[in-house]
Amino acid sequence: MDVRAQISMVFHLDKCLGCHTCTVACKNIWTDRKGAEYMWWNNVETKPGTGYPSKWEDQEIYKGGWERTKSGKIKLKGAGKMKGLLNIFHNPNLPVIDDYYEPFTYKYLDLIESPQQEMQPVARPISLITGKPIDIKMGPNWDDDLSGTPDFARKDPNLANLTPAEQESMFQLEKMAFYYLPRICNHCLNPACVASCPSGAIYKRGEDGVVLIDQDVCRGWRMCITACPYKKAYYNWNSGKSEKCLLCYPRLESGQAPACMHSCVGRIRYLGALLYDADKIEEIASSPEGDLINNQMDIYLDPFDPEVIKAAAESGVPDSTIKAAQDSPIYKFVKEWKLALPLHAEFRTLPNLFYVPPLLPVMASVTQENDSDGSELNEMSKHWTDKWLYDTSIDEIFGTIEQTRFPIKYMANLFGAGDEALMVDKLKKLMAIRIYRRYKTVGDISQEKSDQALAEVNLTEEDAEGIYYLTSLAKFDERFVIPAAHREQSIEMMESTADVKGSTGFGFIEKPVRGM
Amino acid sequence: MDMLLFGALPYVAFAIFVIGSIYRYQNGFKYSSLSSQLLETEKLFSASVAFHMGIIVIFLGHFIGFFFPSLFSSIGGTSLVILEIVGVMFGVLAIIGLVMLFIRRVTTDRIKVVTNRMDLVIEVLLILQFILGVVIAIEMKWGSSWYASNMVPYLHSIFAFNPDIAGMVAMPILVKLHVVGAFLIILLIPFSRLVHFLVAPFHYITRPYQVVRWNWNRKTIRDPKTSWDDIQRPKNN
């Protein structure tokens with residue numbers, strides 16, 4: 001057993017309000033540079049929608065991630081030793097700038113320097129690449145809030161295996177719904193970008209599992225852009241190097257939460273350590289399709305198990321990291337309560353960013369009062385207007401889960417690797433917590449029903465309180481449990497700290513100029 | 001003049017190539033393929049593939065001839081004709097690719113932004129060099145044969161630090177230009193994007209797919225028995 005620590009994340013989608021504060025925080029710190037204007041290491045997408053870059057989930061286009069061969073092994077879909085080196089002169093699966101969008105700004109000076117004239121002056125958009133005026137055709141969140149539109153929502157790659165009837169039901173005006181999907185790099189256990197890099201520039205940090213691109217070694221072969229199925233590796237067209245989310249490791253090393261998480265208005269983000277068994281990565285990444293998620297959950301170890309603690313210490317995991325893994329909100333969400341799921345586990349990269357799927361507005365539906373459905377509603381249904389009923393009926397426990405506005409299959413395509421039962425289980429858990437809290441606070445649900453709801457999803461009252469607390473009340477230090485980096489301590493052990501002052505964090509400072 | 005071009009220039013060129021490339025490497029950041037595929041991919045496909053295939057085959061031809069001249073000088077008859085035809089074909093392929101690359105570079109707005117003077121200089125030089133090479137191959141028959149018997153001894157004499165330029169001086173002007181062009185291109189490598197061929201990723205073939213880096217050796221760093229002398233600061237710190 002080779003125990004290692006992994007900094008991992010949970011995003012609670014029910015709480016995401018789609019404000020893009022995370023995106024802006026990240027932008028301002030990391031990608032506000034020439035060549036990086038088009039990169040959004042953190043972005044927020046509207047689902048159903050095509051996302052950024054457009055249709056990134058469709059691996060028939062971009063050939064990202066791993067695929068399982070008939071012999072049960074895995075290989076990179078669009079890169080790897082053979083394909084990568086053969087396609088090195090021209091990578092046929094590389095997204096181009098138009099798949100993201102052409103970065104732009106406006107000629108604001110024209111507003112100020114305009115002479116007095118009859119018409120209002122206009123600030124024309126200009127390309128941040130060529131500096132010439134352009135017609136803006138796309139932006140990083142061009143489908144924001146545009147669920148239901150033919151150009152975006154209906155081209156969502158996750159709709160591919162839904163029946164036309166199911167698709168139609170999602171896009172009826174009265175039933176239309178959407179939710180937000182914030183995305184950063186998943187810092188995968190089996191990263192395809194690392195495996196695809198011909199130069200060996202991309203690596204996973206042993207101590208905390210952050211995946212980074214060594215700018216000194218990157219040669220711009222751009223295979224990582226293709227290989228990352230989440231399209232979270234980006235090519236800087238100015239410096240000729242690839243870049244990606246670095247999980248704000250300079251902040252992590254000093255005990256601060258990453259900028260996107262720190263700034264999150266909805267407090268949807270959680271960060272903490274998980275212990276995992278590095279010996280099992282290949283085996284688990286090669287699991288048959290149906291077992292992928294369950295097997296991935298098995299790779300994360302119980303930090304309270306004395307044997308795991310012993311093995312972790314032998315593998316050089318510091319005590320403080322083990323303690324952090326025990327306090328980790330991620331461990332609770334992912335392993336203890338089994339509430340969070342990885343995004344698109346079928347890409348086989350074993351991502352370490354987990355999502356608590358959204359329950360609302362998925363659960364609620366709108367019915368007309370004189371409908372036959374409407375007459376069956378109990379007194380808990382709320383009148384929305386005179387004629388319409390906003391149905392949150394829970395007379396039959398979980399009765400409405402199967403009648404969600406989004407077909408379960410659609411949600412399962414995103415978070416369950418297609419496994420609908422897994423998806424139903426998570427949604428039922430979320431519903432049970434609501435029923436429990438309703439019983440506790442409002443009191444119009446009997447204890448019997450609440451107990452029944454919790455029992456059905458194998459949660460105890462203690463669990464329910466824990467989930468409730470971590471979801472809605474948890475403070476900063478409970479949402480972000482960051483193990484110490486120990487680099488400073490290691491330096492202190494053997495040399496004068498004054499000698500290395502200023503040399504930790506970013507050791508490499510070079511102007512990002514193109515080679516001659 | 002001949003002494004300067006064929007006796008001194010090669011040493012200047014190789015010295016600048018070696019020292020310049022090492023100097024530019026330093027921490028490695030300045031080495032990149034400087035790919036522009038993100039900005040424009042369609043025109044790049046045929047241009048880049050044609051050029052690279054062409055130049056790799058032609059380079060290998062010259063390279064093999066340099067190391068095993070007997071291989072080429074002993075070839076005769078049909079195989080020589082085939083060898084020549086293959087050479088000319090790949091030479092022309094490279095020219096087509098280069099011209100397409102050049103046109104793409106000067107006509108595409110987005111590519112102009114990532115073009116500097118050296119990109120154009122090296123591209124024009126390569127085009128001229130390839131045209132010269134193809135013309136020589138067609139005009140002065142059985143180049144692969146006389147390259148091995150007449151040119152390789154001169155090149156060998158350079159690397160033996162005893163340049164014998166007599167044979168070189170007797171060559172026609174086209175060949176002289178081709179040789180000088182080659183030295184010029186070698187000289188310019190460290191100043192141009194051509195350096196990326198020096199870091200071609202052959203080590204990828206033998207490398208395991210996943211790469212993990214540790215800041216410290218995790219087994220020893222916390223072991224009190226580890227001698228302080230064995231612990232070194234991580235290179236990336």
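Quick notes
- Test for B:Ser32: is it touching a strand residue (DSSP E or B) at 6+ places or on another chain (Cβ under 7 Å) and farther than 17 Å from B:Ile186 by Cβ: yes
- A:Lys338, sole failed condition from (1) at pLDDT below 60; (2) at positive phi: (1)
- Residue in segment B:160-217 that is nearest to B:Ile136 (Cα to Cα), counting only those that are in contact with a helix residue (DSSP H, G or I) (Cβ under 7 Å, 6 or more places away or on another chain) and hydroxyl-bearing (Ser, Thr, Tyr): B:Ser192
- Filter result (facing another protein chain (nearest Cβ under 10 Å) and open to solvent by 10 Å² or more (accessible area, probe 1.4 Å)) within segment A:220-244: A:Trp221, A:Arg222, A:Asn238
- Helices (runs of 4 or more DSSP H) enclosed by segment B:1-76 - at least 1 residues per element that are farther than 17 Å from B:Gly91 by Cβ, of a type in the set (A, V, I, L, M, F, W, C) and open to solvent by less than 30 Å² (accessible area, probe 1.4 Å): B:9-25, B:42-67
- If you go through segment B:174-228 and keep only what is polar (S, T, N, Q), within 21 Å of A:Arg222 (Cβ to Cβ) and open to solvent by less than 40 Å² (accessible area, probe 1.4 Å), you end up with just B:Ser192.
- Any hit, segment A:253-264, residues being over 23 Å from A:Thr471 (Cβ atoms), within 14 Å of chain B (Cβ to nearest Cβ) and open to solvent by 20 Å² or more (accessible area, probe 1.4 Å): yes
- Subset tally (residues that are within 21 Å of B:Ser33 (Cα to Cα), open to solvent by 40 Å² or more (accessible area, probe 1.4 Å), not aliphatic (A, V, I, L, M) and not in a loop (DSSP other than H, G, I, E, B)) for segment A:47-97: 2
- Restricting the first member to segment A:17-45 and to residues that are under 20 Å from A:Ile268 (Cα atoms), and the second to residues that are open to solvent by 20 Å² or more (accessible area, probe 1.4 Å) and of a type in the set (D, E, K, R), the beta-carbon pairs closer than 9 Å and six or more apart or on different chains are A:Gly18/A:Asp144; A:Gly18/A:Asp145; A:His20/A:Asp144; A:Trp40/A:Lys27; A:Trp41/A:Lys27; A:Asn42/A:Lys27; A:Val44/A:Asp144; A:Glu45/A:Asp144.
- Taking the criterion of being modelled with pLDDT under 90 and of a type in the set (S, T, N, Q), the residues of segment A:391-428 that qualify are A:Thr392, A:Ser393, A:Thr400, A:Gln403, A:Thr404.
- Checklist (1) among the charged types (D, E, K, R); (2) within 14 Å of chain B (Cβ to nearest Cβ); (3) open to solvent by less than 40 Å² (accessible area, probe 1.4 Å) applied to A:Asp156, failing item: (2)
- Some residue of segment B:108-121 being in contact with a strand residue (DSSP E or B) (Cβ under 9 Å, 6 or more places away or on another chain), open to solvent by 50 Å² or more (accessible area, probe 1.4 Å), closer than 30 Å to A:Ile129 by Cα and not aliphatic (A, V, I, L, M): yes
The values are calculated or read from the model by the stated rules, or taken from the named source; none is laboratory data. What you see is a predicted model; the values in this text were computed from it and never measured. Cβ atoms come from the backbone with ideal geometry, glycine included; neighbour counts cover every protein chain shown. Please note that ligands, DNA and RNA were not included when accessible areas were found on the heavy atoms of the full protein model with its side chains. Shrake-Rupley method; radii C 1.70, N 1.55, O 1.52, S 1.80 Å.
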